[in-house]
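K.L.:
After the structure tokens below, expect a handful of questions from me.
None of the figures in this text is laboratory data; all of them are computed from the coordinates on show. Everything numeric in this text was worked out from a predicted model, so none of it was measured. Here the Cβ positions follow ideal geometry from the backbone for every residue, glycine too, while neighbour counts run over all protein chains shown.
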Amino acid sequence: MVAAVETHSRAVEDYLKAIYKLERESSPPSPASTNALAETLERSAASVTNMVKSLADQGLVEHEPYRGVRLTAGGRRAALRIIRRHRVIETYLIERLGYTWDGVHAEAERLEHAASDDLVDRMARALGDPEVDPHGAPIPDRDGTINRRELTALAALPVGARGVVRQVSDDDDSRLRALSAIGLLLDTEVEVLRSGAGGCRVRVGGAEHELEPELAADVLVEPVAAESISDGEADQGGS
């Protein structure tokens with residue numbers, strides 16, 4: 001017999017997904033603060049406190065006052081389940097229904113709470129079981145396993161370094177449109193020409209562009225190893 005999958009309300013799913021994201025954003029992963037939850041979900045502190053208590057009563061989170069909220073094993077499984085739904089739906093909407101990467105997030109947010117796991121599994125199979133979504137985020141498999149890559153924020157690359165874009169945040173459609181406008185898409189190589197508190201200047205293809213700090217932080221890259229200097233280059237500027 002197949003064990004029944006526990007279902008949760010939309011509000012619970014939104015909280016679990018937000019807690020998972022906040023835990024992962026810290027290095028090393030650490031509990032999410034209730035203040036950060038309130039800001040992320042645009043809820044009052046009192047509302048967050050009440051929901052966290054309810055989640056703890058359901059065994060989905062552990063909460064220690066002044067130390068934050070951490071998902072339990074069951075809470076993590078539930079969070080990855082909704083994240084899988086969201087990312088598979090985004091992929092299906094783009095690959096099969098013609099949505100753009102800057103116009104799909106809100107639609108997937110609505111559909112993720114209504115779609116059954118069976119429907120999402122069928123979508124995934126129809127797509128060939130993709131490992132990442134259209135923004136490069138890893139898609140959890142049916143068992144709740146998620147494969148992560150070690151990526152670096154573009155804003156953190158030193159001047160002169162190069163990287164290949166592997167993932168971008170899908171939280172802000174205007175930023176995705178800005179990236180599209182300069183051709184800074186997945187699998188594109190980018191070189192950092194200048195970096196600082198005010199943002200960075202990068203080269204994409206043959207063109208140079210200025211990126212605001214928030215936009216540069218949204219782009220995750222796989223650093224490219226520096227090429228060895230050729231003998232000819234090493235001889236330049238000799239005597």
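K.L.:
Once the Cα atoms of helix 117-126 and of the chain are each reduced to a long axis, what angle between those two axes, in degrees from 0 to 90 to the nearest 10, is obtained?
P.N.:
30
K.L.:
Would you mind telling me which residue in Asp57, Asp170, Asp121 has the biggest mean-square fluctuation in a Gaussian network model of the chain, where springs connect alpha carbons within a distance under 10 angstrom?
P.N.:
Largest GNM mean-square fluctuation: Asp57.
K.L.:
So for the pair Ala226, Arg203, with labels modelled 7 Å out along Cα→Cβ, what separation do we get in nm?
P.N.:
The answer from the label model is 1.5 nm.
K.L.:
How large is log10 of I(q)/I(0) for the stretch 1-141 at q = 0.10, 0.16, 0.19 Å⁻¹ when the intensity is taken from the Debye formula with one equal scatterer per alpha-carbon?
P.N.:
Summing over Cα pairs of the stretch 1-141 leads to -0.36, -0.87, -1.13.
K.L.:
Remind me, relative contact order of the stretch 166-222 in percent, using alpha carbon pairs under 8 angstrom and six or more residues apart?
P.N.:
34
K.L.:
Now, a different point. When only alpha-carbon atoms count, how far does the stretch 10-71 stretch along each of its three principal axes, as whole angstroms with the largest first?
P.N.:
Here the spans come out as 27, 23, 23 Å, largest first.
K.L.:
Kindly provide the Kirkwood hydrodynamic radius of the chain in Å, to one decimal, from all pairs of distinct alpha carbon atoms.
P.N.:
Every distinct Cα pair counted, the radius reaches 19.9 Å.
K.L.:
Amide H to amide H under 5 Å from Leu193: which residues, 5+ apart in sequence or cross-chain, H placed 1.01 Å off N in plane?
P.N.:
The answer is Gly160, Arg201, Val202, Arg203.
K.L.:
So for Tyr20, Tyr66, Tyr15, fewest C-beta neighbours within 10 Å to most, what's the order?
P.N.:
Exposure proxy ranking, most exposed first: Tyr66, Tyr20, Tyr15.
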